[in-house]
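This report concerns only the one structure given below.
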Amino acid sequence: MNDEIVISLKDVNKWYGSFHVLHDLSLDVRKGERVVVCGPSGSGKSTVIRCVNRLEEHQAGTITVNGIELTSDLKTVEAVRHDVGMVFQQFNLFPHLTVLENLTLAPIWVKKVPKAEAAGLAMTYLERVKIADHARKYPAQLSGGQQQRVAIARSLCMRPSIMLFDEPTSALDPEMIKEVLDVMVELANDGMTMVCVTHEMGFARTVADTVVFMADGQIVEKNSPAELFGNPQEERTRQFLSQIIRH
Amino acid sequence: MTTEPTVGLLTVPWRWSRRHLFQSPGSSVLTLLAAWLLWKVLPSAVNWALVKAVWSGDPAACRASGGACWAFVTEKYRLILFGIYPYDEQWRPLTAIVVFVVMMLASAHPSCWRRWLIWMWAGGLVLVGILMWGGVPGLPYVSNDRWGGLPLTLILSATGIVLSFPLALLLALGRRSRLPAVRAASVAYIELWRGVPLVSVLFMASIMFPLFLPEGITVDKLLRAQAGIILFTAAYLAENVRGGLQAIARGQFEAADALGLSYWQKTRLIILPQALRLVIPPLVGQFITTFKDTSLVVIIGLYDLLSSTKMALSDPQWRAFYIEGYVVAALIYTVFTAAMSYYSQYLERRLDRDRRRS
């Protein structure tokens with residue numbers, strides 16, 4: 001991790017109608033940093049990372065990714081999305097395409113990579129997430145854990161410098177969570193900049209550089225995992241952690 | 001030693017009929033009722049259509065036999081099939097029919113859904129135009145008010161379906177657009193055309209529209225009817241397509257966005273392939289409707305298959321045998337609509353592969 005800031009949110013505000021989801025939120029993420037965002041449901045944590053690649057628009061404040069400020073100009077959105085991969089809770093694989101086609105589609109159409117090269121790249125990443133045997137299958141033929149690993153590989157095929165994870169294990173059966181987390185740990189060890197919304201506190205402890213605790217659209221507390229889990233400063237954080245640990 | 005249960009000659013049909021025909025008292029009653037109806041109707045129908053039928057000869061022979069007068073069809077089939085197209089040139093509309101059937105077969109298999117298909121249809125329609133109109137060396141000119149019968153039905157319906165489809169896609173996408181002007185225009189178009197019956201569209205195309213044109217400019221009547229059918233059909237197809245678009249989960253749009261696909265890439269590669277396969281049944285239903293609705297062009301003086309059949313029946317000698325005439329026209333329509341129905345079922349099964357788990 002170095003000191004270069006790759007994601008910078010400054011006084012970001014967002015409303016859904018009259019509901020104030022994000023409240024003067026500021027957050028910097030440095031190159032190679034692993035940030036875990038946690039917090040109760042409805043706290044706006046998914047909204048934050050969805051604003052970073054502009055799946056949601058913020059209404060006030062600035063969001064800068066790799067030096068590009070996100071505005072309503074589609075060019076900036078395009079440039080940021082080129083560099084930012086995203087993994088969703090529900091995988092969102094394309095059901096009408098095979099696993100391999102899911103991976104090669106964006107490189108071929110967005111980056112104009114030749115087909116054979118794209119397929120080679122895809123197979124490399126499928127090997128990495130240990131799913132190369134299933135390249136010719138359709139997503140519906142795979143288990144949830146396998147689908148999520150394919151989704152991670154699909155994002156990696158675009159060679160992003162930043163990866164966003166939006167509750168990547170929340171829709172998985174318990175016995176499949178580990179295989180997905182293993183892939184994410186490996187990715188973290190390779191030095192990828194990661195922002196991850198998750199309730200997996202074990203993952204946060206072992207992998208994260210920084211844990212951000214959010215409630216009511218604001219960052220309540222931000223610290224190293226050891227500090228935040230071991231010695232929380234805010235009452236709201238203690239309350240949340242006690243609820244999480246109880247079960 | 002165990003004895004094998006004997007499988008008698010009737011065991012299999014016996015079991016089959018127990019399962020399918022007499023499973024419950026209710027189904028037994030229905031089976032018996034259907035059998036009784038067939039018993040009543042079938043013998044006399046076969047008797048009329050085959051046993052006592054007259055296959056060639058004059059009206060007097062038909063009247064004497066009391067069976068179906070297929071002799072009428074033998075005598076008039078070229079008029080029924082080709083209308084009043086010049087008799088010696090009727091190989092040209094026949095070739096046009098063959099061109100259409102070949103193009104439809106070539107479009108059927110998903111592995112053929114490539115760019116060349118568009119060029120094939122463009123070339124095929126030009127070829128049909130040259131064949132039908134002529135005016136090139138070796139093919140004398142035939143004005144299109146002499147076209148008729150099956151080729152006219154196929155031209156109007158196939159061209160109508162093929163050209164209305166892209167328009168329908170744009171309208172369906174436009175109706176879901178985030179741009180207010182595009183959305184309003186699409187809604188207005190769809191609601192306007194759906195609010196008018198096809199008959200009045202054809203009337204307007206044939207009678208009103210020429211009145212609005214500046215003097216000296218005329219647009220061919222067939223072309224006007226064809227344009228009316230295309231614009232009309234597109235409104236209905238657009239709503240079918242929109243139904244499919246609405247069924248696609250938001251996550252699919254978001255995943256495509258997150259990967260950096262542009263709007264048109266997302267639409268063409270991710271959304272439409274999924275949306276269209278969901279709405280195959282209503283789409284094919286609309287194709288079948290369009291195919292049959294072309295018979296309405298009779299009100300503006302074009303002679304499609306149904307009208308050319310009526311024309312054949314207007315011969316005073318044969319006027320009595322209208323049942324035979326309509327049976328033949330119905331059979332021709334049925335061949336085409338049944339083919340479309342079966343094709344739709346085949347396509348659904350084939351494209352459903354990815355939703356099955358192995």
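Here are a few things to note about the model shown:
- Euclidean distance between Cα centres, segment A:32-62 to segment B:290-339, Å: 66 Å
- For segment B:274-291, Karplus couplings with θ = phi - 60° (6.51, -1.76, 1.60), whole Hz, Gly/Pro x: 7, 5, 5, 5, 6, 10, 4, x, x, 5, 5, x, 5, 4, 5, 4, 4, 4
- Three-way shape call for segment A:23-79 based on the alpha-carbon gyration tensor, with the a/c threshold at 1.5: oblate
- Alpha-carbon gyration tensor eigenvalues x 5, square-rooted, for segment B:75-205, Å: 34, 20, 13
- Placing +1 on each Lys and Arg Cβ and -1 on each Asp and Glu Cβ, with no other charges, gives the protein assembly as shown a dipole about its Cα centre of roughly 1680 debye.
- Protection-proxy order for peptides A:33-41, A:52-60, B:196-204, each taking the mean of Cβ atoms within 10 Å per residue, highest first: A:33-41, A:52-60, B:196-204
- When only alpha carbons are used to place a centre, segment B:50-85 and segment B:236-272 end up 54 Å from one another.
- Rounded tilt (10° steps) of A:115-128 against the dominant C-alpha axis of chain A: 60 degrees
- Cα centroids of segment B:97-172 and segment B:174-195: 29 Å apart.
- Net charge dipole size for chain B [Lys, Arg +1 and Asp, Glu -1 on Cβ; Debye, nearest 20]: 1260 debye
- Across the protein chains, with a 1.4 Å probe defining accessible surface, the residues A:VAL197, B:VAL51 rank B:VAL51, A:VAL197 from largest area downward.
- Axis of helix A:235-246 versus longest Cα principal axis of chain A: the two differ by about 50°, to the nearest ten degrees.
- Look at the stretch B:257-270: the mean tally of other chain Cβ atoms within 10 Å of its residues' Cβ atoms is 6.
- Translational D in µm²/s for segment B:86-142 (Stokes-Einstein at 37 °C, 0.692 mPa s, Kirkwood Rh from C-alpha pairs): 268 µm²/s
- Its alpha carbons considered, segment B:136-191 gives a radius of gyration followed by a Dmax of 18.2, 54 Å.
- Remark: for residue pairs A:LYS45/A:LYS112; B:LYS40/B:LYS310; A:LYS14/A:LYS178; A:LYS10/A:LYS75, the C-alpha separation exceeds 29 Å in A:LYS45/A:LYS112; B:LYS40/B:LYS310; A:LYS14/A:LYS178.
- In this structure the amide hydrogen of A:GLU69, modeled in the peptide plane, comes within under 5 Å of no amide hydrogen from residues 5 or more places off or on another chain.
- √(5λ) per eigenvalue of the Cα gyration tensor, the protein assembly as shown, largest first, Å: 64, 33, 21
- Taking amide H as placed 1.01 Å from N in the peptide plane, the amide H of A:VAL220 sits under 5 Å from that of A:PHE213, A:MET214, A:ALA215, each at least 5 places away or on another chain.
- Neighbourhood charge, 14 Å Cβ-Cβ cut-off, centred on B:LEU170 and excluding it, Lys, Arg +1 and Asp, Glu -1: +4
- Largest to smallest accessible area among B:LEU81, B:LEU192 [probe 1.4 Å]: B:LEU192, B:LEU81
- Principal-axis tilt of helix A:74-83 within chain A, Cα atoms, nearest 10 degrees: 80 degrees
- Among the residues of A:85-97, the average count of other protein chain beta-carbon atoms within 10 Å of the residue beta-carbon is 5.
- Tensor-based shape of segment B:148-357 (alpha-carbon gyration tensor, a/c under 1.5 rounded, otherwise prolate or oblate): oblate
- When peptides B:111-120, A:201-210, B:154-163 are ranked by their average number of other Cβ atoms within 10 Å per residue, the highest-first order is B:154-163, A:201-210, B:111-120.
- Segment A:51-205 shape via C-alpha gyration tensor axes, a/c threshold 1.5: oblate
- List B:TYR87, A:TYR125, ordered by accessible area with a 1.4 Å probe, largest first: B:TYR87, A:TYR125
- GNM remark for chain B: springs join alpha carbons under 10 Å apart, and the peak mean-square fluctuation among B:ALA256, B:ALA205, B:ALA330 falls on B:ALA256.
- Entry note, chain A: relative contact order of 26 percent, from Cα contacts under 8 Å with a spacing of 6+ residues.
- Heavy atoms of B:LYS310 accessible to a 1.4 Å probe, total area in Å² rounded to 10: 100 Å²
- Column: log10 I(q)/I(0), Debye, Cα scatterers of chain B, q = 0.13 Å⁻¹: -1.17
The values are calculated or read from the model by the stated rules, or taken from the named source; none is laboratory data. Quick caveat, the model's predicted, so the values are computed rather than measured. Ideal geometry is used to build each Cβ from the backbone, glycine not excepted, and the neighbour counts take in all protein chains shown. Calculation scope for accessible area: heavy atoms of the full protein, side chains included, ligands and nucleic acids excluded. Shrake-Rupley method; radii C 1.70, N 1.55, O 1.52, S 1.80 Å.
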